[in-house]
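Student: The structure's right below; bear with me while I get my questions together.
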Amino acid sequence: MKAIVFDFDGTILDTETPWFDVYLETYKEYGVDLPIEIWSQVIGTDGVHILYDYLLANATKDVDLQAVREITSKKHKQVMEKKELRPGIENYFNEAKEMGLELAIASSSSREWVEYFLNKFNIKQYFEILKTSDDVKNVKPDPALYLEAVKDLGINAVEAVAIEDSPKGAQAAKAAGLHCVTIPNDITKLLPFEEVDLQINSMSDVTLEWVISQIKKNN
C-alpha cells in the first residue's frame, strides 16, 4: 500500500449525526418525521434536495425553505463548535506517516467546508491531496473524487485504501478500484454496507497497521 484516502464528513469528523439530529428536530415543527431511509439517500452525496422535497410533500403547514436552511445551518454550527475529531483518527494520521504512506481526502463537501475544519483542528498538514466537490462534476457515489485523488497521488487505485463511513462513499471507493475500510458513525451504522474489504467499529480499537494487514491477507 502506498496511500490512504479518507472521506471527511462522518469519517474524520462526525458532522452527519448532528445534521440528522438538527433536521429531525426541525422537521417535527412541521409535523414530519424523518425516516433513516430518506436520510440515507443524502449521506455522502450532494442530495440535500431530497430532504427538502420530502418535507414539502409531507408538511402539515406551509414551509419556508429558506428559513429551514437558515435554522438548520445555525443549529448545526452551534453543535459542531463542541464536536471533536472521531476517536483514534489522529493516531491513524501519525501511524500512516510513520509507515511512509501518503494521505489524501476525497469529500463530497465543498473545499471551503473541509478546509475550515482541517484548519480548526490543525490537521491540514497531514494531507498531500484534497479533493472536494469543487474538483469534480459528480460527487459520491460516483467514483470521480477517488479517481482524481489517486491520479494526483501518482499511484494505481489498488495501491490505496479508502476509509469511509457511509454505503455511498464505500460504493464510490470500490467503483474507483480502491480497497475500502468502513468505520460507521452513530447514524451510518444503521445502514447496510455491501462489498467492503473490512469494517471496524472504531479507529481507537485497532491500529492502522492491523487494518492494512487484514486487507493484504484478504486480497
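Student: Pairs of alpha-carbon atoms within less than 8 angstrom and 6+ residues apart define the contacts here; what relative contact order does the chain have, in percent?
Tutor: 26 percent
Student: From the Cα gyration tensor of the chain, with a ≥ b ≥ c the square roots of its eigenvalues, which class applies: rounded if a/c is under 1.5, or else prolate if a/b is larger than b/c, or else oblate?
Tutor: Since a/c reaches 1.5 and a/b is larger than b/c, the shape of the chain is classed as prolate.
Student: Determine, for each peptide in 105-115, 128-138, the mean count of other beta carbons within 10 angstrom over its residues, then list the peptides with the highest first.
Tutor: Top of the packing list down: 105-115, 128-138.
Student: Past 29 Å, Cα to Cα: identify those pairs from LYS124/LYS217; LYS2/LYS140; LYS28/LYS137; LYS2/LYS82, in the order given.
Tutor: Pairs exceeding the cut-off: LYS124/LYS217; LYS28/LYS137; LYS2/LYS82.
Student: When the chain is treated as a GNM, springs tying every alpha-carbon pair under 10 Å, which of ALA157, ALA173, ALA67 comes out with the largest mean-square fluctuation?
Tutor: Of ALA157, ALA173, ALA67, the Gaussian network model singles out ALA67 as fluctuating most.
Student: Hey, another quick one. FRET efficiency for GLU128 and ILE50, Cβ-Cβ distance as r, R0 = 22 Å, nearest 0.05?
Tutor: It comes to 0.10.
Student: Give, as ranges by residue number, the residues of the range 165-200 whose backbone N falls under 12 Å from the point 7 Å along Cα→Cβ of VAL158.
Tutor: 177-179
Student: Over the chain, with a Gaussian network built from C-alpha contacts below 10 Å, which listed residue (ALA162, ALA96, ALA57) shows the highest mean-square fluctuation?
Tutor: Checking each option, the largest mean-square fluctuation is seen for ALA57.
Student: Using modelled amide H (1.01 Å from N, peptide plane; none on Pro or chain starts), what sits under 5 Å from the amide H of GLU102, excluding residues fewer than 5 places away?
Tutor: ALA3, ILE4
Student: How many nm is it between the label spots at TRP210 and ASP21, if each spot is 7 Å from the Cα in line with the beta carbon?
Tutor: 2.8 nm
Student: Another one. Starting from the Cα of LYS189, draw a straight line to each of the aspartates and glutamates and keep only those under 18 Å, dropping any in the same chain fewer than 8 residues away.
Tutor: LYS189 reaches ASP7, ASP9, ASP14, GLU16, ASP21, GLU37, GLU164, ASP165, ASP197, ASP205.
Student: Grab the beta carbon distance between THR60 and LEU85, set R0 = 25 Å, and tell me the FRET efficiency rounded to 0.05.
Tutor: So, using R0 = 25 Å, E works out to roughly 0.05.
Student: So, with +1 on the Cβ of K and R and -1 on the Cβ of D and E, and no other charges, what is the size of the charge dipole of the range 1-133 about its Cα centre, to the nearest 20 debye?
Tutor: It works out to roughly 300 debye.
Read-outs: derived from the displayed coordinates by stated rules, not from any lab. These numbers were taken from a predicted model, which means no experiment stands behind them. Because the Cβ atoms are built from the backbone with ideal geometry, glycine has one as well, and the counts that use them run over all protein chains shown.
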